[in-house]
Structure formats: structure tokens, C-alpha cells
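Here the structure is laid out as C-alpha cells; the discussion comes afterwards.
What follows is calculated from the coordinates using simple rules that are stated; it is not laboratory data. Computed from a prediction, not measured in an experiment: that's the story for all the values here. Neighbour counts are summed over all protein chains in view; Cβ atoms, including those assigned to glycine, are modelled from backbone coordinates with ideal geometry.
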Amino acid sequence: MKDFQHLIRVVIIFAVALVGFLFVRSLLVPKSFGKLGHYRADSVDEIAALPLHYAGPDACKKCHAQQTADKAKSSHRGISCESCHGALLGHAENPKSDNKPRRPKEAEMRAFCGHCHERTISKPAKYPQVDLKEHNPDAPCNMCHQPHQPK
Amino acid sequence: MDMAIIEMLRGALGKVSGFIYPNELELQWSVLIVLYPYITGLVAGAFVLASLERVFDVKAIKPIYRLSLLVALAFLLVAPLPLNVHLGHPERGIEIFMTPHTSSAMAMFGFVYLWYLMVVLLMEVWLDYRKEIVEWSLSEKFWPKRLFYKVLTLGVTNISPRSLEIDDKLGRILTVVGLPSALLLHGYVGFIFGSIKANPWWSTPLMPVIFIFSAMASGIAGVMLVYMLACWARNVKIDMPCLDTIGKFLLTAIIVAFSLEMLESLQTVYEAEEHFDIISLLVEGKLFVSMILIQIIMGSITPIFLLGTVQLVELPEKARKIFYALAGTLALIGILAMRWNVVIGGQFFSKSFLGFTTYKMELAGREGLLSAIGLGILPLFILAALLYLLPPWEKTKESI
């Protein structure tokens, strides 16, 4: 037995390390981890409790019927109002609130429309796209194209 | 997105050729991911060399048994670092141990790594050195070192023949268990690439096997060079039968690794599936230097020729040493190039099979060249510290 003593100590060290690991693990792993899946279950409620920012497209048409109708007939029909005008839940709940709809300023308009319409080789050929450097370089886009009825 | 980003993207178009998807512009796996399998491979290779003496009783390589274990340990300690540096959040690395998911290869092999480090390698080094550790803990004059040895004895100074016999037996068992662990640890690095279905350059079940054999070649070459350097630095004569035996094993490992790689390439050429055009363009173009010249001609065929010559022609000792040193160095460079070709090469071409992107390595950034060099030589400093604390030479002298 004496000749095994050093090995017994190794086993004790490993056992202590294992217990230590399990203890540290119990401290580090959040309590609700694994309840619903391989994640912290409490995070679902925490995320659900985060403040909302977007009102959704249905909220806009209550007041902006004309713009909604125009857009519905245009090639921008699939794009949500808030994609261009920003998150507007505050505005939808109270139009007088500080949450004002965003409208791209003239100076930034070319870059703004260019997000989607700048020519790149990876877009389908039929997709409306222009070379921003060559296509009327000094003019804001809405001088010719109306965003709610683009042509 | 403002005009600056649009301008940047326009500039980036110059970097690519043909058609690529936007998310393929930048390579996600950098030079550090080249380093990761390389270092892990050196560990596995060095351990296999050690096991040759312990399990398969190849007496000739006894002088490098302990050295190979220490090389394996030094590199194993550094192996996860490139990954941590690459991910940028080293403090999160522990999470794969805390909440591992069975579907994550990385998490599961984290445990293989832990097992290999703690149970196999550290235990084996400790068991093998225990007699000396006890002796040093009594005789060492420099007190911090003496304290270090005292701690390592775990308070047991019994080195009776019976206890040493038990150590030896247990060490042998550990090596037998350790061998598959070492292969599994390195095989997994290949497994991670081999299991990426979307990438035909990686997705082959042969990948783990190829990685294992090239790992053996790199580990054996690495230990051989460290041994030669150590003998030179200590002004000790190199044990030629030992070096010749290592040379033979190195030759075998390189031949097997190279043949497997070529078989895999042949299969790709013969099958000529839809990705074949892009891959042949890749090999003839962007990877020509690093694959055809460095990996195949310089890193595989030349070492085979050099080591083969030693086997076939009777050369004087000095010439053999030069041949071994040259072959070992070339093999190490070639295998690093192989890792590069797999990791970086596999990200060069688009999943559309219609275009290429490029990789421009940073110099000083977190994933830059300097960072890679630093991580690459860090194991050598650790090895130097290990050699200082646990000199493997004592036993060597007896055995010569």
C-alpha cells in the first residue's frame, strides 16, 4: 500500500479538481440554463420585456392612407414604411411625441437610395440599379423619382 | 451605409475575380487557424514518437523519449491559444467546458484536449520523472526550484523499486491509452475541416487521416530537430543509431502522408465533379507556389529523396546529419504550407464555384503575422523552461 501512496494522492488531487470544477460550474452556469433548451431560459422573458421600437406597417395606414395606397401599387410595395422612415412606435402611439419619422435629407439621399440601387455585379440584371458616380451626380434622387411611386 | 462604405466595397471589387458572394469577400479563418492544426499536429507527432519507445519497445530512440514528451507538452499548452486569440474573447473559452453541447465538435474535443493534457501527458511526464523529482527535491540547492520539486513530489518521497515498477507499468498503460487520444485529438482538427459539407476542398472523410499522418511527420521532424539542436547546444555527441531510427520513422510518416494527399487529389481529378474547374484553377493559380512548389516539391518529395538516399546509400555521419537536418526543416515547412493550403486555400474560392477572393495578412494586428510568429515560437520558450526544470538528459546518459 505504501508504494501506491503517491498515486492515491494523484487520485485525491483529481477528485478535488473535479469537485472544484463542478462547484465553479454551479456558480457560473445561470440557474435557468437548460430549462427550455441549450440556453438560458430567463433570457426569453428578458428579451420579451425589452422596449418595442417598431409599430409595423398596419399602424401607418390608419393616418397615412394616401401614401400607403400609392406604395401598395408600386414596386416598393414589399418594403415596410419603417425601413426608410425609422422605428416609429412612439409616433404611432402619439403623433406629437418626439419620435418623428425620418426623411432622408437631400445631401444624404444618394447614399440612402444607393443602399439598394447602387450598381453591383451581383444583382440581377433586371433590378433597377445605377452607377451613382455617373447617373446625374449632383441631383437628389427624389428630383425625378418619387419613393412611394418609384419609376 | 454611407458613401464611404460604398466606396470601400467598390475598392474591394478589385480584390476579387469572377463572381463571389458578398460574405466571401473577407476570409474568416486567418493565419492563426493555419497555426492551430500545425501546433496540435506537432503534439500528436511528438507523442507518437514517444510511444514508439514506450509501447512498441523501439530501444534505439530511448534517448529522445523524454524529450518528445516535453516537446508534446510544450506545444499542447499553446495549442488552444491561436483559437482564443482568433475568437477575440478568451474569457469565453471556458464556456465550452461549462455548458458543452453534444452537437459541437469543438466542445466535445475540448474534453479530449483536457483528458489528453491532464490524464495522459502530465501524468506520464510526472510518472516518468518521479524518481528524479524526489531526488532533486532533496538535493537541489536553488530554493525556488527545490520548492517546485517538493510540490511535484506531492509529499511522497518513496521511490522504492516496487513503487517505480508500478509507475512504469502505469506509464505504459497511459501511453497505450494516450496513443488513440493523441490521434483523436489531431484527427478532430481534420474532422472539423472534413465535415464542412459546403466546401469541396475540405469535405472528405480522408481529411482526419491525412492530418494525422502529416501530424506524425511534423512531430517527428520537430523532435528530431530539437534533439539535434539540443545536442549541439550542450556540446554532446548525437546518438547516431537514435537519429537514424528517427529518420526512418520520419521517412515512413512523410511517405504515407504524401501518398494519402496524392490519392485524395487523384480522386478529385478522376471524379471531376462540378467543383473541379474551380479547384484546378485554384491549384494552378493562387496555390501554385504554396502547394505545388512548397508543399509537394520542397516539403514532401525533397525530404523523401533526402531520407531515402540515407537509406539506400551509405553516407558518412556528417552527411547524414546534414541530410536529416535539411529533410526535417523542409518537412516542417512543407506541412505548415499544407495547413495553409487547406485553411486559406479552402476560403479562396466562392461557393458559387465561379470566383476567387484574396487574403491579405495583417502585419501587426491581433490576427497578423507577428501574432502568428509569436504564438509559433512561444512553445519553444515553454520547452526551454521545461528543459530547465525537468532536464531529460540524465537518463539519456545512462542509456547511451
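Across the options B:Pro241, B:Val34, B:Leu122, the greatest Cα extent toward the positive end of the charge dipole of the protein assembly as shown (unit charges at beta carbon of Lys, Arg, Asp, Glu) belongs to B:Leu122. In terms of other Cβ atoms within 10 Å, B:Lys248, A:Lys123, A:Lys96 run from fewest to most in the order A:Lys96, A:Lys123, B:Lys248. Computed over region B:27-129, relative contact order equals 28 percent, with contacts defined as Cα pairs under 8 Å that lie 6+ residues apart.
When the charge dipole of region A:2-48 is built from unit charges on Cβ atoms (+1 for Lys and Arg, -1 for Asp and Glu) and taken about the Cα centre, the candidate among A:Ala15, A:Leu28, A:Val44 whose Cα reaches farthest toward its positive end is A:Ala15. When +1 charges are put on Lys and Arg Cβ atoms and -1 charges on Asp and Glu Cβ atoms, the dipole computed for chain A relative to its Cα centre reaches about 260 debye.
Seen from every direction in turn and averaged, the convex hull around the alpha carbons of the protein assembly as shown projects onto 34.8 nm². Here the calculated FRET efficiency for A:Val29 and B:Tyr388, from their Cβ-Cβ distance with R0 = 30 Å, stands at 0.15, rounded to the nearest 0.05. Its Cα centre serving as origin, region B:31-155 has a Cβ charge dipole (Lys and Arg +1, Asp and Glu -1) of approximately 380 debye. Could you tell me what % of all Cα pairs in region B:243-348 have separations over 25 Å? In whole percent, the share of Cα-Cα pairs in region B:243-348 beyond 25 Å is 28.
As a ratio to 2.2 N^0.38 Å, the alpha-carbon radius of gyration for chain B is 1.07.
Equivalent-ellipsoid semi-axes for region A:2-48 (Cα gyration tensor, √(5λ), whole Å, largest first): 40, 8, 5. Modelled spin labels at B:Leu152 and B:Val119, positioned 7 Å past Cα toward Cβ, are 2.4 nm from each other.
Treating r as the C-beta distance of B:Glu7 and B:Val55 and R0 as 51 Å, the FRET efficiency rounds to 0.25. When its C-alpha radius of gyration is set against 2.2 N^0.38 Å (N residues), region A:51-102 gives a value of 1.10. This ranking places B:Val34, B:Val209 by how few other beta-carbon atoms lie within 10 Å of each, fewest first, which gives B:Val209, B:Val34.
In the distance distribution for region A:104-151, Cα-Cα pairs more than 15 Å apart total 43 percent. Of the residues B:Phe323, B:Phe288, the one with the fewest other Cβ atoms within 10 Å heads the list, and the complete ranking is B:Phe288, B:Phe323.
Normalised by residue number, the volume inside the convex hull of the Cα atoms of chain A is 273 Å³ per residue.
Greater than 28 Å separation of Cα atoms is the criterion. Which listed pairs, B:Lys169/B:Lys318; A:Lys105/A:Lys151; B:Lys141/B:Lys169, meet it? Those over the limit are B:Lys169/B:Lys318; B:Lys141/B:Lys169. Think of the protein assembly as shown as a dipole: +1 on every Lys or Arg Cβ, -1 on every Asp or Glu Cβ, centred on the Cα centre; then among B:Leu363, B:Gln311, B:Ser218, B:Leu363 lies furthest on the positive end. Using only side-chain charges placed at the Cβ, +1 for Lys and Arg and -1 for Asp and Glu, the dipole size of chain B relative to its Cα centre rounds to 1240 debye. Across region A:51-102, C-alpha contacts under 8 Å between residues 6 or more apart give a mean separation that, scaled by the residue count, equals a relative contact order of 40 percent. Summed over qualifying helices (DSSP H, 4 residues or more, each -39500 (n - 2.57)) and divided by its residue number, chain B shows a 222 nm mean residue ellipticity of -22500 deg cm²/dmol. Note on region B:271-400: Cα convex hull, mean projected area over all directions, 12.7 nm².
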